[in-house]
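Here's the structure we're looking at; comments come further down.
What follows draws every value from the coordinates through simple rules; no lab data is involved. Quick caveat, the model's predicted, so the values are computed rather than measured. Here the Cβ is made from the backbone with ideal geometry for all residues, glycine too, and neighbour counts use every protein chain on show.
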């Protein structure tokens, strides 16, 4: 599996996570359409927020970053922040259920 972490900061970053919280179903539907999608988690932090997407491969996480960027551009009312992006192979993955 492959993981991408997108970190957004500042007022615009906070706005993004306000919108994600308000539109959880919409964001979930968009991300679940990504090929090889496994999971998506949005985490609010004091500086803004962090989004973590897990897919079967890098192709899926690349697609998820494009989906996220498009959604942010279409929905945020201010100039969108450029996220800090980190990615890599997952060395362990556990899921409850």
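Here residue 5 does not fit the description of being within 10 Å of the chain's Cα centre (by Cα), in a strand (DSSP E or B) and either surrounded by fewer than 16 Cβ atoms within 10 Å (Cβ to Cβ) or without any contact (Cβ under 8 Å) to a residue 24 or more places away in the chain (or both).
Just so you know, in region 43-61 the residues that are surrounded by fewer than 19 Cβ atoms within 10 Å (Cβ to Cβ) and in contact with a strand residue (DSSP E or B) (Cβ under 7 Å, 6 or more places away or on another chain) include one that is nearest to residue 82 (Cα to Cα), and it is 47. Report yes if residue 12 is without any contact (Cβ under 8 Å) to a residue 60 or more places away in the chain and closer than 16 Å to residue 74 by Cβ, otherwise no. Answer is no for this residue.
Considering only residues that are touching a helix residue (DSSP H, G or I) at 6+ places or on another chain (Cβ under 6 Å) and surrounded by 11 or more Cβ atoms within 10 Å (Cβ to Cβ), look in region 77-86 and name the one that is nearest to residue 48 (Cα to Cα). Outline the logic, then answer.
Start the filter on region 77-86 by keeping residues that are touching a helix residue (DSSP H, G or I) at 6+ places or on another chain (Cβ under 6 Å), which leaves 78, 80-81.
Narrowing further to those that are surrounded by 11 or more Cβ atoms within 10 Å (Cβ to Cβ): 80-81.
Values: 80: 12, 81: 10 Å.
This residue is 81.
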